[in-house]
1. Put +1 on the Cβ of every Lys and Arg and -1 on every Asp and Glu Cβ in segment 128-239; which of PRO191, LEU135, ALA234 then has its Cα farthest towards the positive end of the dipole?
2. List the residues, sorted by chain then number, that are 5 or more residues from ARG223 or on another chain and whose placed amide H is less than 5 Å from its amide H.
3. Gain in length, LYS269 to ASP77, computed as 0.36 nm per residue apart minus the alpha-carbon separation, to one decimal in nm?
4. Taking amide hydrogens as modeled 1.01 Å from N in the peptide plane, which residues meet the under 5 Å criterion relative to THR311, leaving out close sequence neighbours?
5. Stretch ASP124-LEU475 to full length: gain in nm at 0.36 nm per residue minus the Cα-Cα span?
6. What is the distance, in nm, between label points placed 7 Å from the Cα along the Cα-to-Cβ direction at PHE281 and at VAL552?
7. Cβ neighbours within 10 Å, averaged per peptide: list 359-369, 117-127 in order, most packed at the top.
8. Could the peptides 180-186, 371-377 be put in order, highest first, of the mean number of other beta-carbon atoms found within 10 Å of their residues?
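Every read-out reported here was derived from the displayed coordinates using simple, explicitly stated rules and does not represent laboratory data. Computed from a prediction, not measured in an experiment: that's the story for all the values here. Note that we place each Cβ from the backbone using ideal geometry, even for glycine, and neighbour counts take in every protein chain shown.
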Amino acid sequence: MISEDLTTDLVISLDDSFPDSTSQFLRPFENLEIMSIHEGMSLNFEITHKVERRKECPILRLAQPKDAFEIVKIYKDLYNGTYPYKEMEDVQEVQKMIMSPNCEWVVFKDIDDNIMGCFTFLLDFEDKMGYIRGLMLKRQYQGCIDVIKAVIGSYIGMYRKYENRIYRWYCENRTAHAKSQFALSIGGIRPLAFYPNKDIFLGKVESDILHICYDKRAITTMRSCQTPIIIPEAINCFKYSTNRYHLGPYKIANFEKLNLDNYKIQLLKKSLIKQLKVDKFGYKTIRFTLKGSDSYFEFLYTPQIQNFEKTSYNVDSLEELYLFIEQFIEYGQKLGIRYYEIFISAYKPKHQKLFYMFGLEPRGYLPSWKYNKVKNVFEDFILFNYFEGEISEDIKLIDEGKELLEMLGLQYVFQPKSTSKEISSSRGYSRENISKIWSQTKFVKSTIITGMTLYVYSLFIGLGVAVDGGYNIILNTISQLGTHRITLFPFFFDISCIFGGITTILFNYYLYKSIKASYQQNTSSNRFYCKLHRFVVIVGVIGSFGIIMIRVFSLDRAFGALHSIFSLIAFGGFIISLLGLGIIIF
């Protein structure tokens, strides 16, 4: 148990920490004499090369049901009652977790027996996996408690107790600050995968990093001998992991396209069954099945943070998987989902390719991620996910986390890609697809917004000046805003036309770029919407060009006929473009 006292003083160097396995972490503590006392674990060891001032060393013990109220209070106070995972704010639920054999809840106490913080370890004995979460400290103890020693002590207790039952320990670490990433990495919990924009904390969208630590046997003697077969887009993920764990050879599967039977997909669609289960905390489990088949596709929908996760599936054919993913994406679009996630076998490249075609991208290669009970081996998986929006520029990472994102091709200005590369939903472009241009770089976004702002301001300033000069909105045409006969300052209208034309050309350009990333699946529906969207963009650009030419051939310059022609081009282009977009969206 963790309720043990380390009675022999030990000095360890922080430089010797950051191990690659649980056994390597425990090695410096092998000679500690341990005497069982049930009131708590005293951390009687010292850490050298710590630059921070000496802090209070907590006493560790396992939580008791009576501690549930205090633990819930910590969560509510730290997150102002907005913690998205509501089971952690429910006293009865926390008590159940404390009493469960599948949970070890550690509390940090001071010498007066006051709870200073807590740390949670969830245990999945069937999959031989431990999930670390909720390293929490009360506000008044933050900066005063020796977190490093508290984390190390917790690891000692957990790693020792479950040495032959839990072979992988992982956590999903916030990127709003790097302190917890550093503290957890001391115990060998190292970054391997990235969850962009997965969570919402305190009203802000945040990304997470998946950290993991292995029992050495899990990535050596007990790891599957099967050679991973991965798509080219996942190579960088594999390289990052093999640089640390020396995973051996792998194969690359490069598919030009997947040959799917569209007729079979349509038949399968008729036998599709959708099921929904909702628990008392609002979590929704959605399950797709096929009548008369054992195939299924299941995932968890968390409305508080608008994401799909914990996705699992079993299929007999690629057509079944295609249908399930299509429904997965369509369901998400209806619910306004920001983030989709799934772990895919590293030995099934066609499945990897199919998810990639729908817009989910590889963000981490996880050796020995899942346990195969039949073969008694651990198998490799690849994390695929999709996210909406831009990643915060305030993201905080330890050096290894930065290396991971650089290996994934994600720099400090992030550019999420379009929802679909080769296939979207069967419907074609949706609101989400069209809005992807606003998920480009900050430069493009700010340029478009600035251009439209200048357009509106110059137009209304020109209108205000013209009204003082006798301009009437009903009796005069908008083109007369650019004539000296009506206004003393016609150049305001000139500026508005130039800014409006250039800005809308830029808008249509990025709208056109999004087409290239979609609709490579050759279906009649996709071909129609692709051609319509391309037509809409071209007409929109022509309309934007017409606006600029209205000022080149203004009424003051005696180009009445040309001015009228370009006026028709401008307004006609915009009207047709808007009608086309309306058809595509609705």
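1. LEU135
2. Answer set, sorted by chain and number: PHE378.
3. Once the chain is fully extended between LYS269 and ASP77, it gains 64.3 nm.
4. LEU300, PHE343
5. So the extension gain works out to 118.7 nm.
6. 6.3
7. Working: 359-369: 24.6, 117-127: 18.5.
My ranking of the peptides, most packed first, is 359-369, 117-127.
8. Peptide ranking by packing, descending: 180-186, 371-377.
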